[in-house]
Amino acid sequence: MDSAAVRARMVARLAAEGISDQRVLGAMGQVERHRFVDTALAIQAYEDTSLPIGLGQTISKPSVVARMVELLLAGLPAAAGRVLEIGTGCGYQAAVLACVTREVYSIERLRGLHEKARDNLRPLRLPNVHLLFGDGMQGFPKGAPYAGIIAAAGGDAIPRAWVEQLGIGGRIVAPTQMHGGRQALVVLEKTERDLRQTVLEGVHFVPLKSGIA
């Protein structure tokens, strides 16, 4: 696979669809998505589709990853600080975040996926990525405050722990259950005085669960 050429086409497609942050486009072009899926699925790695990664979980579409990372970075300085990722999955989004932030803490509640992500990321030797096995709903207080928190699973509301661990001026990007059962992408911004929530387009993510397995 000439993955560089295929990735370049993927990046061009993302730009045509409205992704404009050059940091995000650069990261999407740099990280080899085919390394994060099963070999049998590698040929589909750069299509705009979610793919199974085991244990009932999926790797998000490239367009969804790019959209959420762009939303996370919006308004943050060129070299964004420490971020927390809820739901490491196979490790792909953590690798993308590593390209655009100073430090990434990524937490996964399923041991099998935590180990898979560790195996996937080890060859990349990303010193600014810290993989954690634990309950993502509790966040990771030791790394707080975070410039941003990004979630790959959606609950009925954004957990209070995440809000408490978010630094002033930071933002949370997470799928959240709306009235009527639909799921939408939500951006929560924390100012010195209040929290500002923006509800965006509908999305479909796995449910946010507590505990470890």
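The values are calculated or read from the model by the stated rules, or taken from the named source; none is laboratory data. Treat the numbers as computed from the prediction; the structure is a model and nothing was measured. Because the Cβ atoms are built from the backbone with ideal geometry, glycine has one as well, and the counts that use them run over all protein chains shown. The accessibility values were calculated without ligands, DNA or RNA, using every heavy atom of the protein model including side chains. Shrake-Rupley method; radii C 1.70, N 1.55, O 1.52, S 1.80 Å.
Residues of segment 1-25 that are assigned to a helix (DSSP H, G or I) and surrounded by 13 or more Cβ atoms within 10 Å (Cβ to Cβ): Ser3, Val6, Arg7, Ala8, Met10, Val11, Arg13, Leu14, Ala15, Arg23, Val24, Leu25. Return the pair list, or none, for Cβ contacts closer than 8 Å from residues in segment 36-54 that are at positive phi to residues that are loosely packed, with under 15 Cβ neighbours inside 10 Å, at least 6 apart or on different chains. From segment 36-54, the pairs are Gly54/Gly112. Restricting segment 171-192 to residues that are charged (D, E, K, R) and either under 23 Å from Arg82 (Cβ atoms) or touching a residue at least 24 places away in the same chain (Cβ under 8 Å) (or both), the residue that is surrounded by the most Cβ atoms within 10 Å (Cβ to Cβ) is Arg171. For the structure I just gave you, tell me whether Leu76 is over 24 Å from His114 (Cα atoms) and modelled with pLDDT under 95. So Leu76 fits the description; yes. Which one of these is among the small types (Gly, Ala, Ser), out of contact with any helix residue (DSSP H, G or I) (no Cβ under 7 Å at 6 or more places or on another chain) and closer than 23 Å to Glu103 by Cβ: Gly155, Gly167, Gly181? Checking each option against the conditions leaves just Gly167. Number of residues in segment 71-85 that are outside any strand (DSSP E or B) and either touching a strand residue (DSSP E or B) at 6+ places or on another chain (Cβ under 9 Å) or hydroxyl-bearing (Ser, Thr, Tyr) (or both) equals 8. Taking Ile168, is it open to solvent by 30 Å² or more (accessible area, probe 1.4 Å) and either polar (S, T, N, Q) or in a strand (DSSP E or B) (or both)? Spelling it out, Ile168 is indeed open to solvent by 30 Å² or more (accessible area, probe 1.4 Å) and either polar (S, T, N, Q) or in a strand (DSSP E or B) (or both). Checked against the criterion of being modelled with pLDDT of 95 or more, of a type in the set (Asp, Glu) and either in contact with an Asp or Glu (Cβ under 8 Å, 6 or more places away or on another chain) or part of a strand (DSSP E or B) (or both), segment 178-191 contains one or more residues that satisfy it.
The set of residues from segment 193-213 being part of a loop (DSSP other than H, G, I, E, B) and exposed (fewer than 11 other Cβ atoms within 10 Å of the Cβ) comprises Arg193, Asp194, Gly211, Ala213. For Thr88, the conditions (1) open to solvent by 30 Å² or more (accessible area, probe 1.4 Å); (2) touching a strand residue (DSSP E or B) at 6+ places or on another chain (Cβ under 9 Å); (3) within 22 Å of Phe133 (Cα to Cα) are fulfilled apart from (1). Residues in segment 118-136 that are open to solvent by 30 Å² or more (accessible area, probe 1.4 Å), in a helix (DSSP H, G or I) and touching a strand residue (DSSP E or B) at 6+ places or on another chain (Cβ under 8 Å): 1 in all.
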